[in-house]
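FYI, it's all coordinate maths here, none of it is from the lab. Fair warning: this is a prediction, and the values are worked out from it, not measured in the lab. Cβ placement follows ideal geometry from the backbone for every residue including glycine, while neighbour counts extend to all protein chains displayed.
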Amino acid sequence: MPSDMSPEARGEGSAETGHRRTEIEVEFTIYPFDESDAPPPYVQAALEACLAEGIEPEFAVLSIKLRGEASRVLRAILTGAQGAIEAGATKIVLDIESVDA
């Protein structure tokens with residue numbers, strides 16, 4: 001996200017305006033599917049990006065789920081998607097929902 005964006009635009013809220021931080025839940029699926037026991041390199045890249053952002057991902061057979069403060073989760077998704085594509089992912093499908101914090 002551009003650093004010149006306001007905290008509100010980045011989803012961080014503002015004590016001055018009384019805006020609350022937005023929490024989101026994201027589920028993303030990375031293709032191609034790999035049925036091996038260990039996550040393929042492109043999935044591992046996405047998982048590592050989440051962990052680097054301090055977000056503990058919930059890893060399932062077909063998807064990765066994250067929940068947390070919007071700006072942190074979105075940064076993790078962006079970094080994870082870039083790493084996954086660089087490691088061989090051919091498609092990434094995202095489902096993003098705003099949730100009550």
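Out of every Cα pair in region 31-99, what percent are spaced more than 18 Å from each other?
Details: 712 of 2346 pairs.
Percent of Cα pairs beyond 18 Å in region 31-99: 30.
The ranking of Asp95, Asp100, Asp34 by Cβ neighbour count inside 10 Å, starting from the fewest, reads Asp100, Asp95, Asp34.
Once the C-beta distance of Gln44 and Glu97 is scaled by a Förster radius of 30 Å, the resulting FRET efficiency is 0.75 to the nearest 0.05. Close amide H partners of Glu23, meaning residues 5 or more places away or on another chain with modelled amide H under 5 Å apart, are Ala70, Val99, Ala101.
For region 31-99, the relative contact order works out to 41 percent when only alpha carbon pairs closer than 8 Å and six or more residues apart are counted. Couplings 3J(HN,Hα) for region 50-62, derived from phi with the Karplus relation 6.51 cos²θ - 1.76 cosθ + 1.60 (θ = phi - 60°), are 5, 4, 5, 8, x, 10, 7, x, 9, 9, 10, 4, 10 Hz, where x marks Gly and Pro.
Cβ-Cβ distance of Glu58 and Glu86, R₀ of 22 Å, FRET efficiency by 1/(1 + (r/R0)^6): the value works out to about 0.40. Peptide packing: for 52-61, 39-48, the average count of neighbouring Cβ atoms within 10 Å per residue gives the ranking 39-48, 52-61, highest mean first. Each of Glu97, Glu35, Glu25 was scored by other Cβ atoms within 10 Å of its Cβ. Listed from fewest to most, they are Glu35, Glu97, Glu25.
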